Structure formats: structure tokens, C-alpha cells
Amino acid sequence: MPSVYRPLVSFVAKAMQAVLNLALLCLGVILVVFLGKETFHLAHVLFTPEPVSKYKLVEGLVVYFLYFEFIALIVKYFESGFHFPLRYFVYIGITAIVRLIIVDHESPMAVLIYSAAILLLVSQTSAFADVTAEQVWEDWQAQAASYGEVLTADNVGRDGDTLVVSGLRIAMDIDGDGGDDASGTLAEVRFQERGDGTVSISTSPDFDMIFDQNVPDGPNVSYRLAIDMAGMTMIASGDSALRRYDYVAPEVGLALKDLSVDEQQIEGIFDLKAIGLDGSYTIAEGEPSQIDASSNIERATINVDFADPEGQEGRIVVTGEIANIT
């Protein structure tokens, strides 16, 4: 999409989302009113001296649960970041068919068809549980270990449907001397189960990796990579045999900071930005695991400006832009 249209598209999307949220909020209030009326009706049926058909009573209970499930669906929509968990529609469908069986149970063939429909819907609930937040977190740890990285966290705990990993530290021994040549800490990573068998992954917007390496037969080099991932989202799906990650980011920035060689500070700028980034990668089970990746970048820019490390008057200056990288 051309960048000139992005602000307009973003405005339209936000406006439509606001209208949808307001409409669902109004619907939720209406359903709460009907739930209250249904509660009053059931209480009246329970305490009335007149005999009431058992089928009518059970039908009223099922309708009560339908109201309850629709309200829970709306609540889950707001809790899941404006996303409808598909499994809730399956639960509502099962409840509605149960009500249909109670109301129309005279035909054995109709009851059999309704029962088969319930069986089909129940079988689909397992399909929505392809991957959990804990499995994705374990996946991350396993993949990091295969690259020689170590992931540790200050705290890992549940917050409703979200697994929150706080103080995530990444460490690598690049030159094999047993030390942490590269390390960095992410303040927070959230793995949110979306209710349809996928997990949404979001991280803190800023992430710094600090490198301190002894080049063989060369100098000691240290620097910091400042990574800006604001607005980046990732969706994990699939199963243990084949995991898929889809990601999108309006902009990802990478900046080289605090560069020094043998403790001598090198002044300069190194900025790399990827604008309009989206892509995916899959991890297939195996030894070693197989990774297939693809990505698209609408535009990438680079800006380099360093003083001559030998102390001369010259400078190293590179600027450029590349469009439509695939």
C-alpha cells in the first residue's frame, strides 16, 4: 500500500472500530436487561404454585444461558483487543441446538440431525486449541537454545488469557569463551490466547542488545544495538509439528550506539529503518528444525556517518533508501 494512503486508511479503520465498539457496548447493555428479565421470569416460575411444563422450564434455562454466553462473548471481545474468539460462537451454537432439541423433539430424525450437529461442533472445539501461550513461550526458549542463546525471565505468570513474561533476558556466548558476549533485556512480553487456537504476541517497544567481543588476534569491540519495535504484532498458530508466526510492524528501527574499540570511543551514527514490514516464518519439527521465512518491506532507509577511527579528518558517510524489498 502506498504510504500516502496509510493515514487515511488508519483513520477510517479507527473510526469504524469505534462505531463497532459503541454498537457492541449498547448490545451488551440490552442483553444485560434481557438477562435480568429472564432471571425474574425463572424466579416467578420457580415460586409460582401453578404447575409448569418441565420442557418449558428447561427451555427457559437454556435461553438464560444463551444470554449469558452472548454477554460473555462481548466481554471477551474487549478483553482480547477487539477480537471475537471463534470458540465462543461454537459454544453458543451448541447451546442453541440444545434448545432446539428441547423445543422440537417429536421427530426422531430431527433429533438425530441436531445431535450430529452438536457432535460436529464439539469436535471443532479441539481444533481451536492448536497452540497455547505456554507452548509458544516454550517454543521461544527451544529456538533460542538451538541458536546458542539463553532466555531467562524474572517472572512468568498468567493474567487471564495472557501469559506475561516480565524481565526477559537474552544472553549469547558468541566467541565460545563461556561469557555473555551479547545480552539484552525486554521489559515485558505478552502471549495472549485469542480463543481461536492462535496466540497474539506483543512486546515492550524498546529493546537494547549490548555486545562485548574480543576479536581473535584483534581488538576488543563493544557496542549497543537499540531496537525500536513500537507497534509490532505477531500471531502464532499451527501445532507442535508445524508452528507459524505472522508479524506486521509499521516501522522497525535499529541504531548502533556506544561503539568503542579497545575502550576508544568511536563517534558516529548508524541508523537502519524498515517501514511497512510484514512477513511470516514457519518452524517444522525435526532435528534440526526446518525454518522457512518470507518478508516484505515497503521501504528501508540507512544513515551512516562515522568519523575516521584512525583519527584522520575524513568521515564515512552513507545514506540511502530502498523500496519494495521482498
Completion exercise
Length-normalised contact order of the stretch 192-289, Cα under 8 Å, at least 6 apart, in percent, tallies to 24
Handout entry: DSSP loop GluC sites (Glu not before Pro) with at most 11 other Cβ within 10 Å excluded, longest remaining stretch of the chain
Key = 107-262
Problem - Helical mean residue ellipticity (222 nm; -39500 (n - 2.57) per DSSP H run of 4+; nearest 500) of the chain - result: -12500 deg cm²/dmol
Practice task
Match the structure shown to one of the listed values (1) 46, 30, 20; (2) 55, 23, 18; (3) 50, 26, 17 of semi-axes √(5λ) of the Cα gyration tensor in Å, computed from it, and give that label.
Solution key: (2)
Completion exercise
Measure of exposure for residue 100: accessible area at 1.4 Å probe, Å² rounded to 10, is 70
Completion exercise
Rounded to a whole %, the carbon-and-sulfur portion of the accessible area of the chain at a 1.4 Å probe is 62
Handout entry: Computed label-point distance, nm, for sites residue 14 and residue 267 using a 7 Å Cα→Cβ extension
Key = 4.0
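Around residue 187, what is the net charge, scoring Lys/Arg as +1 and Asp/Glu as -1 over all other residues with Cβ under 12 Å from its Cβ?
Values: positive: 169, 190; negative: 154, 188, 206, 208.
Summing Lys and Arg as +1 and Asp and Glu as -1 gives -2.
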Practice task
For 40, 84, write out the residues from largest to smallest accessible area, computed with a 1.4 angstrom probe and no ligands counted.
Solution key: 40, 84
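Run the count for the chain, please: Lys pairs, Cα-Cα under 21 angstrom, 8 or more apart or on different chains.
Numbers: 14/76; 37/54; 37/56; 257/273.
Lysine pairs meeting the criterion: 4.
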Problem - residue 248 versus residue 182: modelled label distance in nm, points set 7 Å from Cα along the beta carbon direction - result: 2.9
Problem - For the chain, accessible area per residue (1.4 Å probe, heavy atoms of protein chains only), Å² - result: 60
Problem - Relative contact order (%) - criterion: Cα under 8 Å, at least six apart; region: the stretch 257-298 - result: 32
Exercise for the section: For the stretch 252-258, take each phi angle, set θ = phi - 60°, evaluate the Karplus expression 6.51 cos²θ - 1.76 cosθ + 1.60, and give the result in whole Hz per residue in order, putting x for glycine and proline. Expected result: 10, x, 9, 10, 8, 10, 6
Handout entry: Shape of the stretch 208-282, Cα gyration tensor, a/c cut at 1.5
Key = oblate
Practice task
Using a 1.4 Å probe and ignoring any ligands, DNA or RNA, find the accessible area of residue 282 and quote it in Å² to the nearest 10.
Solution key: 30
Completion exercise
Using a 1.4 Å probe on heavy atoms of the protein chains only, the accessible area for residue 232 in Å², nearest 10, reads 50
Exercise for the section: With an 8 Å cut-off on Cα pairs and a minimum separation of 6 or more residues, tell me the relative contact order of the chain in percent. Expected result: 8
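The values are calculated or read from the model by the stated rules, or taken from the named source; none is laboratory data. As the structure is a prediction and not an experimental result, all values here were calculated from the model. Virtual Cβ from ideal backbone geometry, glycine too; neighbours counted across all protein chains shown. Surface accessibility is based on the protein's heavy atoms, side chains included, excluding ligands, DNA and RNA. Shrake-Rupley method; radii C 1.70, N 1.55, O 1.52, S 1.80 Å.
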